[in-house]
Amino acid sequence: MSLLEKPSAEAARYRNQATQRVLKVLLAFAANAKPRGVTELARELGMNKNMIHRALSTLMAENYLVRDPSGALYQLGYRLLTLGSGAPSEFDIVALARPALEQLHALTAESVFLSIIVGRNRVTIDDIQGQGPRVLRSVRGHPVALHCTKMSRVLLAHLSDAEVGGYLTTAAPLARAQHFRDPPSETIGGVWEDIFAIRAKPYVLWRNPHHSSAAYAIFPIRDASGHAHAIITIGGPRERFDLPQIEEHLPRMRSILDPLEREARLFPAPSFVVET
């Protein structure tokens, strides 16, 4: 081996070892989805903390992992959560919904989000962020439990009663991961009450009661049986996007979403599997 070949071989060997470490960390989360920190992973996998940190950084950059709400631990991200989800390959909700997201953003100038169920979570998989000093933000790929927040409960409401009951059984006690109180999420009775209210309407118009108040229009994109492929949410601060402004835009919003909803009814929504 020449002097020129040796560094190349060593570099290749290092890259291979680094790849193996990344895969080892990824497989640890695939086998057990609970959030963990660097110290716990190092102990679990028999790797030093620097190696774990580098592997986590790589996986986060590709959205396989994300920070949990506390910011201290790591948990599954969108790309790993959706592997093997069983969604029909003929129905690409991101590609089909993108024109509607662009038109809704052009209409309102506010933030627009496309979210789906992944495991037991709501995950935003596409978005167009509003511009300006006060706009709504959402971390694409970040999982939010299905009972937490109005957006999540709109997805939960479009499951069957048996599926909702199974989810609530496995989710108990109902954890709150948000900084602000969300009373309907805190008890099983509260979740069911909100679900029945959501089901009574074809879409949800909602004001966030917190001090950083915002208003939202949330539209389920359903299959022929009423299960939701996804939800599309338009949201903005109430000083410029309150319920009167939303209601003024509603006829145009509905006409923008009609073609997507017709297409969605041709395909079954992905099956919901309660993880134990």
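Report whether or not Leu250 is part of a helix (DSSP H, G or I), in contact (Cβ under 8 Å) with a residue 60 or more places away in the chain and in the same structural domain as Gly166 (by TED's automatic domain parsing). Break it down stepwise before answering.
Details: part of a helix (DSSP H, G or I): yes; in contact (Cβ under 8 Å) with a residue 60 or more places away in the chain: no; in the same structural domain as Gly166 (by TED's automatic domain parsing): yes.
No: the conditions fail for Leu250.
Kindly check whether there is at least one residue in the stretch 64-75 that is in a helix (DSSP H, G or I) and either farther than 17 Å from Gly141 by Cα or modelled with pLDDT of 80 or more (or both).
Going residue by residue through the stretch 64-75, those that are in a helix (DSSP H, G or I) are none.
No: the stretch 64-75 contains no residue that is in a helix (DSSP H, G or I) and either farther than 17 Å from Gly141 by Cα or modelled with pLDDT of 80 or more (or both).
If Arg176 satisfies all but one of (1) basic (Lys, Arg); (2) at pLDDT below 95; (3) in a helix (DSSP H, G or I), what's the number of the condition it fails?
Result: Arg176 passes all but (3).
Can you tell me which of (1) farther than 15 Å from Val204 by Cα; (2) of a type outside the set (A, V, I, L, M); (3) surrounded by 13 or more Cβ atoms within 10 Å (Cβ to Cβ); (4) modelled with pLDDT of 90 or more is the one Pro259 doesn't meet?
(3)
Looking at (1) touching a Leu at 6+ places or on another chain (Cβ under 8 Å); (2) of a type in the set (Lys, Arg); (3) under 16 Å from Leu146 (Cβ atoms), find the lone condition where Arg199 falls short.
Status for Arg199: all satisfied but (1).
Given the condition in contact (Cβ under 8 Å) with a residue 40 or more places away in the chain and within 23 Å of Ile93 (Cα to Cα), answer yes or no: does some residue in the stretch 235-242 qualify?
Yes: one or more hits.
The values are calculated or read from the model by the stated rules, or taken from the named source; none is laboratory data. Please read these numbers as outputs of a predicted model, since none were measured by experiment. Ideal geometry is used to build each Cβ from the backbone, glycine not excepted, and the neighbour counts take in all protein chains shown.
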